[in-house]
Amino acid sequence: MVTHRAASIAAPRRAYVDSGPVVTDSNCIFCKIIAGELPSARIAEDDRTIAFMDINPASLGHALVIPRSHTTDLHSIDSGDLAAVTASAQRLAGLAVERLGADGVNLLNCAGADAWQTVFHFHMHVIPRFAGQPEKDGLTLPWDPKPGDPDRIAQAAAALRGETA
Ligand code: AMP
Ligand code: ZN
């Protein structure tokens, strides 16, 4: 968290780059990767983001893009950091096609434990996809696409628009 209170032992460390304050959480494994305290196979970096390989790859080339500044998830990330992560993920997706021969790419973000998030430093998965090559690609679609109930779809849309029934 970015805090503006007086420094204390518990306060996150902050450094500064051109884009603003960089928050570090000493208990976060991705912050430790950024700091070089844990190993990683880095691919690319810029002033706001770092990209490195996922140690439990869902496919060949599965990588993660993270903001340098610690933040928990999609709900808390600074919009500039989100734009930078997205741009890095787009570049990485292009490299997966160009250099690994990927046939497609999935971007995935998990926001919250109930959405499969296990590391609470925002990250975007960049998952290259390989058609008909199960040795390179173990992914399957995690839902069963079938027509939904039109009333429930409309109700959810109304709720999202802020209209109460
Ligand atoms: P999520 O479930 O969306 O929070 O994804 C967290 C991802 O981080 C998982 O795919 C893990 O395999 C990956 N991961 C955890 N620890 C490390 C690490 N030390 N280096 C690289 N990837 C990691
Ligand atoms: Zn962190």
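All of the numbers you see were taken from the coordinates with simple rules; none came from a lab. The shown structure was predicted, so the numbers you read here are calculated from the model rather than taken from an experiment. As a convention, Cβ positions derive from the backbone with ideal geometry for all residues, glycine included, and neighbour counts pool all protein chains shown.
FRET efficiency for the L100 to N27 pair, using the beta carbon distance and R₀ = 25 Å, is estimated at 0.15.
A simple packing score, the average count of other Cβ atoms within 10 Å per residue, orders the peptides 148-160, 80-92 as 80-92, 148-160, with the highest score first. Under the convention that each Lys and Arg Cβ holds +1 and each Asp and Glu Cβ holds -1, the size of the dipole of the chain around its Cα centre is about 320 debye. A cysteine counts as unpartnered when no other cysteine's C-beta lies under 4.7 Å of its own; in the chain this applies to C110.
Placing a pseudo-label 7 Å from each Cα along the Cα-to-Cβ vector at I55 and R42 gives an inter-label distance of 1.8 nm. Proximity of backbone amide H atoms, modeled 1.01 Å from N, is registered between V22 and A15, Y16, V17 at under 5 Å, excluding neighbours fewer than 5 places apart on the same chain.
Principal axis analysis of the Cα atoms in region 13-161 yields extents of 50, 41, 24 Å, listed in decreasing size.
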